[in-house]
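Scroll down for the structure; my scribbles are underneath it.
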Amino acid sequence: MQLDGKVALIVGAGQTSGDGIGNGRATALAFAREGARLMLASRSTGSLEETRDMVRAEGFEAEMIAADITDMDACHAMVKATTDAYGRVDVMHNNAAVGSHEGDSANIDPGQWREVMDINLNGAVFASKAVLPAMRAQNSGCITHVGSIAAVASYPIIAYKASKAALNEFTRWLAFENAKYNIRCNVLQLGLMDTPLAIEGYHRASGTDRGVLREQRAAQVPMGRMGTAWEAASAAVFLASDAASYVSGAILPVDGAIATRIG
Ligand SMILES: NC(=O)c1ccc[n+]([C@@H]2O[C@H](COP(=O)([O-])OP(=O)(O)OC[C@H]3O[C@@H](n4cnc5c(N)ncnc54)[C@H](O)[C@@H]3O)[C@@H](O)[C@H]2O)c1
């Protein structure tokens, strides 16, 4: 029970519709199985309810709140809901993000650019700002933002890439500034994962057959396969646990060695 007694706020705990399990939902289940009590947050409630019900069906504790992290008041509300329900907040795991599909820098849509930055970067900043007072008052805490290999690799998804690159540096600063409060801050930098977000998202955007997409993605990975949401979740458990008590400011790749292709 690596998270026994801990209270975790998981942001982006619903998931994109489609086959299989997403990183947020798998992380919620993995955290609960390791003993954490959960507050689940997301902007879309239907899928969030499904995650909560799956956690409860296994006999674990989970509450939920609808919160759009681009809204500062909503970020304060999700933190308050956590401390009201459980009296503290030990972990904030922020999985919320959306993809982008520009493909060409001359093709950037200003509206989509702003939306991606607003959710993937501003949302992470606002959620962190909201949770820090409670963690500082406790003199302990852990914030994990879910990043992407897109931050450092050459992918034609510019808004997404820029948002995740900025998220890395924001998180490193967060770790530096909050170390004196015993708050650890890290990025879980995921590679090509087989989740509904990735497969359905690209299928809808490009029309490419799902099977072909899976083969194309697997072929890019030195391990020869995409990762699973459960592999993202087990690394998230590690970062949230006391086993990672001296890990802060890390950009942890969970990517089947794909980052070794860079530099
Ligand atoms: N699947 C991959 O190949 C891959 C690769 C690298 C990184 N990632 C990262 O993994 C994370 C998502 O993985 P997933 O499979 O759980 O995706 P998902 O789309 O299934 O889940 C994302 C969740 O974030 C929520 N969300 C979106 N905007 C929000 C907002 N404004 N406020 C609150 N919640 C919001 C959605 O409602 C959803 O519940 C993202 O951070 C993504 O960048 C995924």
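Values quoted throughout were computed directly from the atomic coordinates according to the rules given, and no laboratory measurement underlies them. Note that the coordinates shown come from a computational prediction; the quantities given were computed from them, not determined experimentally. Glycine gets a Cβ as well: all are built from the backbone with ideal geometry, and neighbour counts include every protein chain shown.
For this structure, a couple of remarks:
- Breaking point among (1) of a type in the set (D, E, K, R); (2) under 17 Å from the mean Cα position of the chain (by Cα); (3) within 26 Å of residue 245 (Cα to Cα), for residue 180: (2)
- Of all the criteria given as (1) within 22 Å of residue 132 (Cα to Cα); (2) near the ligand (Cβ under 9 Å from one of its atoms); (3) surrounded by 20 or more Cβ atoms within 10 Å (Cβ to Cβ), the one not satisfied by residue 25 is (1).
- Check on residue 119, surrounded by 15 or more Cβ atoms within 10 Å (Cβ to Cβ) and either touching a Cys at 6+ places or on another chain (Cβ under 9 Å) or not hydrophobic (A, V, I, L, M, F, W, C) (or both): no
- Some residue of region 235-242 being in contact (Cβ under 8 Å) with a residue 60 or more places away in the chain, within 14 Å of the ligand (Cβ to nearest atom) and either outside any helix (DSSP H, G or I) or not aliphatic (A, V, I, L, M) (or both): no
Matching residues to (1) closer than 20 Å to residue 71 by Cα; (2) among the aliphatic types (A, V, I, L, M); (3) away from the ligand (no atom under 11 Å from the Cβ):
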{"site": "123", "(1), (2), (3)": "yes, no, no"}
{"site": "141", "(1), (2), (3)": "no, no, yes"}
{"site": "150", "(1), (2), (3)": "no, yes, no"}
{"site": "158", "(1), (2), (3)": "no, yes, yes"}
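- You will find that of 165, 175, the residue that is crowded, with 18+ Cβ neighbours inside 10 Å and part of a helix (DSSP H, G or I) is 175 and no other.
- Any hit, region 189-200, residues being more than 16 Å from the chain's Cα centre (by Cα) and not hydrophobic (A, V, I, L, M, F, W, C): yes
- Whichever residue in region 28-38 is within 13 Å of the ligand (Cβ to nearest atom) and within 11 Å of residue 10 (Cα to Cα) and, among such residues, is nearest to the chain's Cα centre (by Cα): 28
- Meets criteria (among the β-branched types (Val, Ile, Thr), within 14 Å of the ligand (Cβ to nearest atom), within 30 Å of residue 203 (Cα to Cα) and without any contact (Cβ under 8 Å) to a residue 60 or more places away in the chain) for residue 51: yes
- Test for residue 34: is it of a type outside the set (A, V, I, L, M, F, W, C) and surrounded by 17 or more Cβ atoms within 10 Å (Cβ to Cβ): yes
- Any chance residue 5 is over 23 Å from residue 243 (Cβ atoms) and either surrounded by fewer than 23 Cβ atoms within 10 Å (Cβ to Cβ) or of a type outside the set (Phe, Trp, Tyr) (or both): no
- Scanning region 10-27 for residues that are in a loop (DSSP other than H, G, I, E, B) and within 18 Å of residue 77 (Cβ to Cβ) yields a total of 3.
- Which numbered condition residue 123 misses (of (1) without any contact (Cβ under 8 Å) to a residue 24 or more places away in the chain; (2) part of a helix (DSSP H, G or I)): (1)
- The set of residues from region 83-110 being over 18 Å from the mean Cα position of the chain (by Cα) and within 15 Å of the ligand (Cβ to nearest atom) comprises just one member, 101.
- Beta carbons closer than 6 Å, at least 6 apart along the sequence or on distinct chains, pair a first residue in region 137-148 that is farther than 11 Å from residue 124 by Cβ with a second that is crowded, with 24+ Cβ neighbours inside 10 Å and of a type outside the set (Phe, Trp, Tyr) for 141/135; 142/91; 142/184; 142/240; 148/164; 148/190.
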